[in-house]
Every structure is written in structure tokens, then in C-alpha cells.
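So the structure is just underneath, and the comments pick up after that.
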Amino acid sequence: MSESNQSNDNQNFHQVKSLPNATAVLVLGILSIVMCWTYGVVGLGLGIIALVLHKKDKAMYNASPSGYEASFKNSQAGNVCSIIGVSLSALFFVYIIFIVGLFATAATSGIFNNIQY
């Protein structure tokens, strides 16, 4: 085997590949935290999409861990952000439902009818 073929094989062996959804998972995870204040709905949607994409990236990484090391760290960071975003969005969504239920109960019980302007 010639020296040029051997160096060519070494370059292909150590070639770093990027996971296809790593950047998307990171961006969606960060956006799910930012958008958790939009009644919880947008943050939940973005976070769940990020979790699904991370699951696909994790399956690719487990098949060939050495080639995807750098981009998998981005995918993991996005996964953590999406878990935080989904949690915050779910809490805010439950809070909104509670407040709407509280006002609906107050309106039907006639509490607002006794207010004098």
C-alpha cells in the first residue's frame, strides 16, 4: 500500500460528520424556553419537536459514536433546553387554565354583579 493511499484512508477515517438535526434541536430548545410565555402552547410545540429530533440524532450517534462527537454535544444541549422549555411551558399552560377557570367560576357565581362603578 502506497503512502498516499494510507494517508487518504486515515483522513477518511477521522473525518468529522455532523448530525443532521443537531443545530435544529439546539435552536428549537432555546426557542421553547423563550416562547414558554406565549400561553405555553408555542413553547410546548417547539420543545416536543426538539425532543423528537434529538431522539433521531441519538439513534444515529449510537450507531457511530466516534464520527458525531462534536455535533452530538449540541444536540444534547438542545435536549436539555427543550426539557426546560417544555417544563416551563407546561407550568405556564396549567397556570393559564387555572386563572381562566377561576374567572369563569367567579363570573358564573355572580361575584362580578355586585361591583358598583
The answer for THR38, listing residues at least 5 apart or on another chain whose modeled amide H is closer than 5 Å to its amide H, is GLY43
For 53-59, 78-84, ranked highest to lowest by mean beta-carbon neighbours within 10 Å, the order is 78-84, 53-59
Packing-based order for 67-76, 98-107, using average beta carbon neighbours within 10 Å, highest first: 67-76, 98-107
So what is the relative contact order for the stretch 18-111, in percent, with contacts set as C-alpha pairs under 8 Å and at least six apart? 41
To the nearest 0.05, what FRET efficiency results for VAL80 and ALA104 with a Förster distance of 25 Å applied to their C-beta separation? 0.10
TYR68: net charge of surrounding residues, Cβ under 9 Å, Lys/Arg +1, Asp/Glu -1, itself excluded? -1
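Where a number appears in this text, it was derived from the coordinates with a stated rule and is not lab data. Quick caveat: nothing in here was measured; it's all calculated off a predicted structure. No Cβ is skipped: glycine too gets one built from the backbone with ideal geometry, and neighbour counts run over all protein chains shown.
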